[in-house]
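J.: Handing you a structure now.
What follows is calculated from the coordinates using simple rules that are stated; it is not laboratory data. This one's a predicted model, so the numbers in the text were calculated from it and none came from an experiment. When we count neighbours, we look across all protein chains shown, and the Cβ atoms used for this are built from the backbone with ideal geometry, even at glycine.
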Amino acid sequence: MRTFSALRAALLALSASVWLAVGLPQPAAAHGDIHERIVKVTRQIKREPKNPLLYLKRGELHRAHGDWGRAMADFKRAARLKPADAEIDFYRGRVSLEAGRPEAAVRLLDRLLAKRKDHVGALVTRARARAQLNQHQAAAEDYTSVIALLPAPAPDYYIERARALVAVRRIEDALAGLDQGILRLGPVITLELFAIEVEVGEKRYDDALARLERITTRAARREKWLASRGEILARAGRNAEAQAAFAAALKEIDALPPHSRQTRMVSELEASTRAALARLTTVTDEKKLQ
Amino acid sequence: MSAVFVLLVASFAAQAQTVARGPYLQTGTPTSTVVRWRTNTATNSRVRYGTSVGSLVSFADDSAVTTEHAVTLSGLNPNTTYFYSVGTTAATLAGGDANHFFVTAPPPGTPKPTRVWILGDSGTADDNARAVRDAYFNFTGARHTDLWLMLGDNAYNDGTDSEYQAAVFDMYPTMLRKSVLWPTLGNHDGRSAASQTQSGVYYNIFTLPRLGEAGGVASGTEAYYSFTYGNIHFICLDSFDTDRSAEGAMMSWLREDLANNTALWTIAFWHHPPYTKGSHDSDTETELIEMRQNALPILEAGGVDLVLAGHSHSYERSFLIDGHYGLSSTFSAANKKDGGDGRETGTGAYAKPTFGPGPREGAVYAVAGSSGQISSGALDHPAMFISLDRLGSMVLDVNNERLDAKFLDNTGVTRDSFTVLKGTTPTDPVRVALSRDASRNLVATINIRNTLSSPVPNVAVTFVRASTLDGTAFVDGVPVPQSLGTVNPGQTRTVAVTFPGTSGVPSGFSGLVRVDLSYTGGTFSDTQQVVTP
């Protein structure tokens, strides 16, 4: 059970864009498609042309619609009306990134984060912009800041940080970061699978297999993981063990009730496992002939 | 005097403790339930519980002094009714009566007749929502609701705490305290909450599984999760505030969750519908397009049976369809696994051959976003069998291989219904499903379908017998009606048969039901294995 003092701290660290969205004037039960909502806000702007919140609101609608140019124009107007509001740089930075301008995004977000270093939304957006600019080290640092600020970070942040660290060949740090996420969030399958992918990519097959074994132990259905074990062992050139793993996967499939075994997913897994086993058998036979 | 003053203050403080919200039930599993409530002043927490209302012999405590209480009861027995009360270690503040109870989920994989109530965009906190609620309460009567779903936009306009109080806690107090609520985040809820940080009102209010606690694979986040109830696997996705990309964490998790799924039924739900032409258009809106393009291929390969969403304030229900991920203009007959109405009294139930997750056998997609308001729209998506601009909610009744769905409007009229059958092919002429009547006697609903290409005249049910697997014990039933007249090609007729004196047959008992038919030119007999509810 989470403690609510931690949640209150999280609320304080919450991306300010959420608060701003909450504070924006909302028509009762606003609905209809985006175009209609843009028309409604435009009418409001005509009545209140100096209200920066309305430009932000319309800019967000343009952004949701993929109209980056109009979104940026509205955010710029909001900035002119309220130049002291650093938050607007977050809106501009985010739309810059989505419009394919990561350098502009980083400049704007640097400016905001100089004033508000704990702005989670800005850190995440800057991390993603930096990753696009191949500034992976800096991106990883931003993700680390985000993870430290949040009591319950989304698994995505651990994976994105790991990707950035792998890109700069900080493999141990990438894996340590994923393990940190597993420790904190629990045995989240997406973190575990990415860690296995990293280990296999580095030819650290025993480490990958150890991780896979933990997943297999917990799984209700083992056939897929046993087949994965076979694949990793085959990549490692440990053919006899790979054959045993594939055979074990096929045995699990054989033991499934008919309605499970006959599903296409299992049929395809069975076919691919048999094919993999056959390939290994051929390789083994060829070696024997030599 | 000062001691008297202290006593008076303490007494006043004790009297001032009241339950301001709830109690309400979260993350129910076969062996555990989370009981939550809010008090007006900070206290410690105690839930007292037991299997009879006058004897709450067990208790679970949390010593933290708080106004937001969340106590997990664990070590429970599956499929068991527990009565409970909430309060402090010193006092009971609510419950301890016949109105405060819950029923734990059945063991995974166990078939149990299950009723699910589904609300979408219900957060208007007004007479519309009340009418929809009351229509369902009148419909279900004394029949317990096993679980219920909210499809997002649970509290208008911004999902604030006070809006949740009005739209959820003050609107459904009786349901909240006896049936576990499983919600998803809508765009309006998202105005006061953030999935990437799992903070804000929605995440404060709900306790949802992150680590596969209720079945399914650990997601690490409450934004998307799964749970299993008996032989039904439910998957909740976050279509609003989580990365919807095909290679993102949510879709990666979804693939693994489905690969791990062994349940007979798979039902997915989230807020933004992949197909709609209501107050939103799934051809033009990003969230809807991305869910259709990225989530549906995974779900359909994983054998999903039913996908529920809200967002459009209407009711729209598809044919049994598969493989359509583009614009509505590209939807074709090739995407229809069954282009009929899905009604046994019409063109026939939707039949899926595999008794379990069957990839690419078709799914029904329903938009049920009219539980608080209606907002019109073109309502002409070609994937839909029916589209209605009516207030209402959905009801699912799942009984082993059979799923019956209804759209119940705000006046209590059933405006749509459909049935999905698993483990059958369209050529199976006779299907039997068991239920119980008010006296707990077994009732067989027998569906007789003409799978030939010509009408079959003078169809009559001549003999129905329920027996043990070895036939040593049996009871004959009387079908009503006996004579079905002519059954046309593709048409299904339904016969109800009561087996008297069977109230003592326990649940989960395997037996046989034999059905003999006569018709002009011949007879037909079929025996099917069934499990008693």
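J.: Students often get this wrong, so check it: of B:Lys336/B:Lys422; A:Lys40/A:Lys76; A:Lys57/A:Lys117; A:Lys251/B:Lys112; B:Lys337/B:Lys422, which have C-alpha atoms separated by over 22 Å? Don't skip to the end; give the middle numbers.
T.: Working: B:Lys336/B:Lys422 17 Å; A:Lys40/A:Lys76 20 Å; A:Lys57/A:Lys117 24 Å; A:Lys251/B:Lys112 31 Å; B:Lys337/B:Lys422 14 Å.
Going by Cα-Cα distance, A:Lys57/A:Lys117; A:Lys251/B:Lys112 fall outside the 22 Å limit.
J.: About the Cα centre of the range B:105-162, how large is the charge dipole given +1 on each Lys and Arg Cβ and -1 on each Asp and Glu Cβ? Please answer in debye to the nearest 20. Walk me through the numbers before you get to the answer.
T.: Working: 5 positive and 8 negative charges, 105 e Å.
For this selection, approximately 500 debye.
J.: Rounded, prolate or oblate for the range B:405-533? Axes are the square roots of the Cα gyration tensor eigenvalues, ordered a ≥ b ≥ c, and the cut-off for rounded is a/c under 1.5.
T.: Details: a/c = 1.74, a/b = 1.09, b/c = 1.60.
Oblate.
J.: Name the residue farthest towards the positive end of the dipole of chain B from the options B:Gly123, B:Ser219, B:Leu396, assuming +1 on Cβ of Lys and Arg, -1 on Cβ of Asp and Glu, about the Cα centre.
T.: B:Leu396
J.: Which aspartates and glutamates, if any, have their Cα less than 19 Å from the Cα of B:Lys352, not counting same-chain residues under 8 positions apart?
T.: Within the straight-line cut-off, B:Lys352 pairs with B:Glu300, B:Asp305, B:Asp322, B:Asp338, B:Asp341, B:Glu344, B:Glu361, B:Asp397, B:Glu401, B:Asp404, B:Asp428.
J.: Hey, if you put +1 on the Cβ of every Lys and Arg and -1 on every Asp and Glu Cβ in chain B, which of B:Phe407, B:Gly348, B:Met250 ends up farthest toward the positive end of that dipole?
T.: Sorting the options by dipole projection puts first B:Gly348.
J.: Let me ask something else. Per-residue Cβ counts within 10 Å, from other chains only, averaged over B:184-197: what number is that?
T.: Values: counts 0, 0, 0, 3, 4, 0, 2, 7, 6, 4, 11, 2, 12, 17.
The shielding value for this peptide is 5.
J.: Once you order the gyration tensor axes a ≥ b ≥ c over the Cα atoms, which shape class does the range B:36-159 get: rounded for a/c under 1.5, otherwise prolate or oblate by comparing a/b with b/c?
T.: Working: a/c = 1.97, a/b = 1.24, b/c = 1.59.
It is oblate, given that a/c is not under 1.5 and a/b is not larger than b/c.
J.: Leaving out same-chain residues fewer than 8 places away, which aspartates and glutamates sit with a Cα under 20 Å from that of A:Lys203?
T.: Excluding near neighbours in sequence, the set is A:Glu172, A:Asp173, A:Asp179, A:Glu192, A:Glu213, A:Glu231, A:Glu241.
J.: Once every DSSP H run of n ≥ 4 in chain B is given -39500 (n - 2.57) and the sum is divided by its residues, what mean residue ellipticity at 222 nm do you get, rounded to the nearest 500 deg cm²/dmol? Write down the numbers at each step before the final one.
T.: Details: 8 runs with 64 residues, N = 533.
So the calculated ellipticity at 222 nm is -3000 deg cm²/dmol.
J.: Among B:Gly501, B:Leu76, B:Phe169, flag the residue with its Cα farthest along the positive direction of the charge dipole of chain B, charges on Cβ as +1 for Lys/Arg and -1 for Asp/Glu.
T.: After comparing all options, I get B:Gly501.
J.: Where a Cα-Cα gap under 16 Å defines reach, which aspartates and glutamates qualify for A:Lys50, not counting those fewer than 8 residues away within the same chain?
T.: A:Asp74, A:Asp85
J.: Among B:Thr43, B:Thr67, which comes first, second and so on when ranked by fewest other beta-carbon atoms within 10 Å? Could you put the intermediate results ahead of the total?
T.: Numbers: B:Thr43 21, B:Thr67 14.
Ranked by crowding around the Cβ, least crowded first: B:Thr67, B:Thr43.
J.: Measure out, as a whole number of angstrom, how far apart the alpha-carbon centroids of the range B:82-129 and the range A:54-93 sit.
T.: Answer, in whole Å: 44.
J.: Taking square-rooted eigenvalues a ≥ b ≥ c of the alpha carbon gyration tensor, is chain B rounded, prolate or oblate, where a/c under 1.5 means rounded and, failing that, a/b exceeding b/c means prolate? Mind dumping the intermediate values first?
T.: Working: a/c = 2.12, a/b = 1.39, b/c = 1.52.
Oblate is the answer for chain B, as a/c is 1.5 or above yet b/c matches or exceeds a/b.
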